[in-house]
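The values are calculated or read from the model by the stated rules, or taken from the named source; none is laboratory data. Remember, predicted model here, so these are calculated numbers, not experimental data. Counting neighbours? That spans all protein chains shown, and the Cβs are built from the backbone with ideal geometry, glycine included.
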């Protein structure tokens, strides 16, 4: 697996935006300076190419995401997802080819099944399943990739630090 980091800069939230308003009533109160750490497992042919296109188009999205390129998301094991959380990720996103368009035929369907199973495991150990999400992209969806990153960062920011991440950083939830 090859790890890359985006070279994007975050833009501040307008005072009236939903992100500036703070977390919803159902979410935990995040710390004032909390910036979520998100690991993105990306398929080489589609999602990683979409991320590359977003960069080539100079689209702005938060720098909170660390991309990990996989030959196919079907190669992603549940243990990789859990290890990302164990190592301090506040959220994990998996992005593969669009359904029916996998270069390895059914890899994205296998990944979807594993992501759903990982969500049940996260719930059992006290980590919100909303911290993990799977997306399907084509290689021509650079703008959608940037939007997905923004969406994921805002979702995790609203949830606050993960219990594992907070313990590693010495932050109270």
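A few comments on the model shown:
- Residue that is surrounded by the fewest Cβ atoms within 10 Å (Cβ to Cβ) [pool: residues in the stretch 161-173 that are in a helix (DSSP H, G or I) and free of Cβ contacts under 8 Å to residues at least 24 places away in the same chain]: 167
- Any hit, the stretch 2-9, residues being farther than 20 Å from residue 161 by Cβ, under 15 Å from the mean Cα position of the chain (by Cα) and at pLDDT 90 or above: no
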